[in-house]
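S.K.: One structure, pasted below without further comment.
The values are calculated or read from the model by the stated rules, or taken from the named source; none is laboratory data. The shown structure was predicted, so the numbers you read here are calculated from the model rather than taken from an experiment. All Cβ positions, even for glycine, are placed from backbone atoms using ideal geometry, and neighbour counts span all protein chains on display. Heads up: the accessible areas ignore ligands, DNA and RNA and are worked out on the full protein's heavy atoms, side chains in. Shrake-Rupley method; radii C 1.70, N 1.55, O 1.52, S 1.80 Å.
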Amino acid sequence: MTTPIVQLDDICLNIRGQSLLNHINMALNPGEIMTVIGPNGAGKSSLLKIVLGLYKPSSGKRRIHKGLRIGYMPQKLQIDQSLPLTVQRFLALAGNPNRQDIEAALHDVNALQTITRPIQSISGGEFQRVLLARALLRNPTLLVLDEPAQGVDLHGQQELYQLLAGIRDKRQCAILMVSHDLHFVMARTDQVICLNQHVCCSGTADSVANHPEYLALFDQGIEKDFAVYTHHHDHHHNIHGDVVKDETSSSHKQCSGHHHD
Amino acid sequence: MIEIIAPALIIGLILTAIAGPLGSFIVWGRMSYFGDTLAHSALLGVALGLFLSLDPIVGVIIVTVSVAILLSTLQKQRNISSDALLGIVAHGTLALGLVLVSLKEGVRVDLLGLLFGDLLAVTFSDTLWVGGCALLLAIITKLIWNPLLNILINSDLARAEGLPVDKIRMIYMICLALLVAIGMKVVGALLITALLIIPPAGARRLANTPEQMALFASLIGMSSIILGMLASLQWDTPAGPSIVLSACLLFSLTLTRGSQS
């Protein structure tokens with residue numbers, strides 16, 4: 001049996017009299033992908049901060065595997081315009097990697113083209129991936145990602161999730177992430193935790209989706225408010241937002257990229 | 001004439017050389033009011049020195065360092081915004097200093113000299129301890145440079161990467177406090193913050209890396225000292241304000257240069 005790299009035993013967190021987390025138990029095994037979902041204010045970020053060791057739990061115990069190296073990707077990061085900082089220098093701050101390491105990490109996240117640009121001038125999606133590259137530079141055994149797919153469209157999310165799955169397979173690091181979306185999680189997730197101050201339910205994505213406590217988070221079924229609209233595009237946007245022609249339609253004449261039947 | 005101002009000139013150059021890198025962090029972190037608060041509290045230090053029959057500079061160092069420690073401790077509680085907190089401490093210590101100075105009978109204190117600096121009061125022996133202090137500050141700054149940049153970018157990320165965030169912040173604040181104590185001799189308590197923020201602000205447009213910005217800030221600061229002192233000799237204007245005006249002039253010259261990034 002493998003020992004978990006992070007284990008939380010009966011963790012409670014109270015900040016200024018407010019109970020944010022109640023009796024949380026979780027265990028993350030090496031190489032496993034875990035996604036935390038839950039409504040706003042459910043304590044998802046707090047849970048990550050407990051795992052990261054940024055918050056001390058009010059009670060309960062956090063056990064981490066000896067030699068655990070954490071790569072952390074925060075949710076938001078604002079860098080003041082007054083700081084002249086290129087992407088390369090930003091990455092170099094993560095513990096003095098050499099130029100090859102930086103290029104390799106940027107290449108891994110498809111963001112090599114940003115290397116010499118000022119970090120304030122790159123797009124939101126690029127910035128997310130540069131942050132991911134920074135986390136990778138620490139050669140982590142655990143990647144902690146706070147809403148990595150936030151503000152990224154579905155195609156971007158798909159590519160991000162492929163990227164993460166590839167990283168997991170290549171580096172054998174565990175991934176713990178918060179999803180901004182209650183309904184969509186990365187398909188390769190091994191474990192989903194549905195959090196609403198306490199663990200409502202946990203398990204594989206399928207088992208969570210059918211759990212009464214998860215369903216109870218919504219008064220009515222979401223089908224009532226949401227419908228699926230099926231697009232027929234002859235192109236898609238890659239992770240940089242550029243238009244990429246789909247292979248099947250590459251024989252089409254250029255019609256401003258928008259040919260709908 | 002030159003023998004009279006030589007010690008002040010040397011101290012001014014040392015001061016601005018070290019103010020470049022330390023002041024850059026004030027600009028990047030948007031904490032110019034923190035520098036002001038330290039400077040205001042310096043006057044209380046002079047009063048303390050008088051009451052305890054110490055060299056005023058010893059009193060200044062004691063008080064500014066204590067205020068730096070006090071502030072970094074108080075800023076962790078969130079009921080009062082740090083903005084208001086700085087205002088309270090800045091004006092509280094300034095008022096207390098002024099009251100104490102007035103209570104001390106039989107001692108005439110050159111208030112104008114304290115507020116605006118008194119170059120003629122600087123001696124060659126001062127240059128020795130200032131030089132020693134500056135050397136120490138330079139070494140410490142070099143050591144905490146990268147960690148401090150990481151903390152500036154995101155303190156959670158820095159903490160998750162294992163940096164002792166609070167300790168490094170505290171060290172930086174103590175360095176600033178020492179710098180203020182030194183600077184008081186040259187430009188006085190009211191204008192020392194100017195030498196911490198104007199040169200880095202001017203250096204921003206010339207720099208592509210944080211290190212370049214710190215270096216250019218030092219050069220702009222040192223040029224301001226020379227220009228200001230020359231102007232002061234030439235037109236018999238007060239030295240401190242002349243130095244600050246020179247810095248403003250150099251800053252506005254950099255504005256004419258196109259933005260780098």
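S.K.: For q = 0.13, 0.17, 0.21, 0.27 Å⁻¹, what log10 I(q)/I(0) does region B:9-65 give under the Debye formula with an equal point scatterer on each alpha carbon and no solvent?
M.R.: Each listed q corresponds, in turn, to -0.42, -0.67, -0.87, -0.99.
S.K.: So, one more: Round to the nearest 10 and report in Å² the accessible area of A:HIS198, as given by a 1.4 Å probe over the protein chains' heavy atoms.
M.R.: That residue has around 70 Å² of solvent-accessible surface.
S.K.: No solvent, one uniform scatterer per C-alpha: report log10 I(q)/I(0) for region A:80-139 via the Debye equation at q = 0.21, 0.22, 0.23 1/Å, two decimals.
M.R.: Result of the Debye calculation: -0.70, -0.77, -0.84.
S.K.: Over the whole of A:76-89, what's the average partner chain Cβ count within 10 Å per residue? Rounded to a whole number, please.
M.R.: Mean inter-chain Cβ contacts per residue within 10 Å come to 5.
S.K.: Something else about it: Just checking the output field for B:159-165: average partner chain Cβ neighbours within 10 Å of each residue's Cβ?
M.R.: Partner-chain Cβ atoms within 10 Å, mean over residues of B:159-165: 5.
S.K.: Ok, one more. Quick one: Cα convex hull volume of region A:35-193, Å³ per residue?
M.R.: In region A:35-193, the Cα hull volume divided by residue count equals 132 Å³.
S.K.: Oh, and also: Summed for both chains, how many Å² of accessible area, to the nearest 100, are buried between A and B with a 1.4 Å probe?
M.R.: Values: alone 14440 and 12580 Å², together 24890 Å².
Protein heavy atoms only, the A-B interface buries about 2100 Å².
S.K.: Here's something else I'd like to know. Once you have a ≥ b ≥ c as the square roots of the Cα gyration tensor eigenvalues for region B:172-243, tell me rounded if a/c is under 1.5, and otherwise prolate or oblate according to whether a/b is larger than b/c.
M.R.: Since a/c reaches 1.5 but b/c is at least a/b, the shape of region B:172-243 is classed as oblate.
S.K.: While we're on this one: Output the Kirkwood hydrodynamic radius of the protein assembly as shown, Cα pairs only, in Å rounded to one decimal.
M.R.: About 26.4 Å, per the Kirkwood formula over Cα pairs.
S.K.: Which of the peptides B:113-125, B:5-17, A:128-140 is most tightly packed, and how do the rest follow, judged by the mean count of other Cβ atoms within 10 Å per residue?
M.R.: Result, highest mean first: A:128-140, B:5-17, B:113-125.
S.K.: Could you calculate the contour length gain from A:THR116 to A:ASP80, that is, 0.36 nm times the residue separation minus the distance between their Cα atoms, to one decimal place in nm?
M.R.: Stretched fully, the A:THR116-A:ASP80 segment lengthens by 11.2 nm.
S.K.: On the full set of protein chains, 1.4 Å probe, figure out the accessible area of B:LYS104 and give it in Å² to the nearest 10.
M.R.: Its heavy atoms expose roughly 60 Å² to the probe.
S.K.: What is the Å³ per residue value for the convex hull set by the Cα atoms of region B:37-171? Mind showing how you got there, number by number?
M.R.: Values: hull volume 17.8 nm³, N = 135.
Enclosed volume per residue, from the Cα hull, is 132 Å³.
S.K.: To continue, here is another question. Taking all protein chains as present, what is the carbon and sulfur share of the accessible area of the protein assembly as shown, in % to the nearest whole number, probe 1.4 Å?
M.R.: 59 percent
S.K.: Counting residues in region B:2-255 as N, plug N into 2.2 N^0.38 Å and put the Cα Rg over that result.
M.R.: 0.98
S.K.: Let me ask something else. In nm, to one decimal, how far is the A:ASN139 label point from the A:THR3 one, both placed 7 Å along Cα→Cβ?
M.R.: Each label point is offset 7 Å from its Cα along the Cβ direction, giving 2.1 nm.
S.K.: Taking R0 as 22 Å, what FRET efficiency do you get between B:THR123 and B:GLN234 from their Cβ-Cβ distance, rounded to the nearest 0.05?
M.R.: The formula returns an efficiency of 0.40 here.
S.K.: Quantify how strongly other chains surround peptide B:198-211 by giving the mean number of their Cβ atoms within 10 Å of each of its Cβ atoms. Numbers along the way, then the final one.
M.R.: Details: counts 0, 0, 1, 1, 0, 1, 4, 1, 1, 2, 6, 6, 5, 2.
Across B:198-211, the average partner-chain Cβ count within 10 Å equals 2.
S.K.: In addition: Using a 1.4 angstrom probe with every protein chain in place, what is the largest-first accessible-area order of B:SER102, B:SER81, A:SER46?
M.R.: Working: B:SER102 90, B:SER81 70, A:SER46 20 Å².
Final ranking, largest accessible area leading: B:SER102, B:SER81, A:SER46.
S.K.: Here's a follow-up. Skip the ligands, DNA and RNA, and give the accessible area per residue of chain B with a 1.4 Å probe, whole Å².
M.R.: Working: 11550 Å² over 261 residues.
Here the residues of chain B average 44 Å² of exposed surface.
S.K.: Next up: Need one value: the accessible area of B:TRP28 in square angstrom, 1.4 angstrom probe, rounded to the nearest 10.
M.R.: Its heavy atoms expose roughly 10 Å² to the probe.
S.K.: Can you check what the Kirkwood hydrodynamic radius comes to for region A:18-94, Cα pairs only, in Å to one decimal?
M.R.: 15.5 Å
S.K.: Where the centre of each part is set by its Cα atoms, how far does region A:76-91 sit from region B:138-153, in angstrom?
M.R.: The distance from the Cα centre of region A:76-91 to that of region B:138-153 comes to 15 Å.
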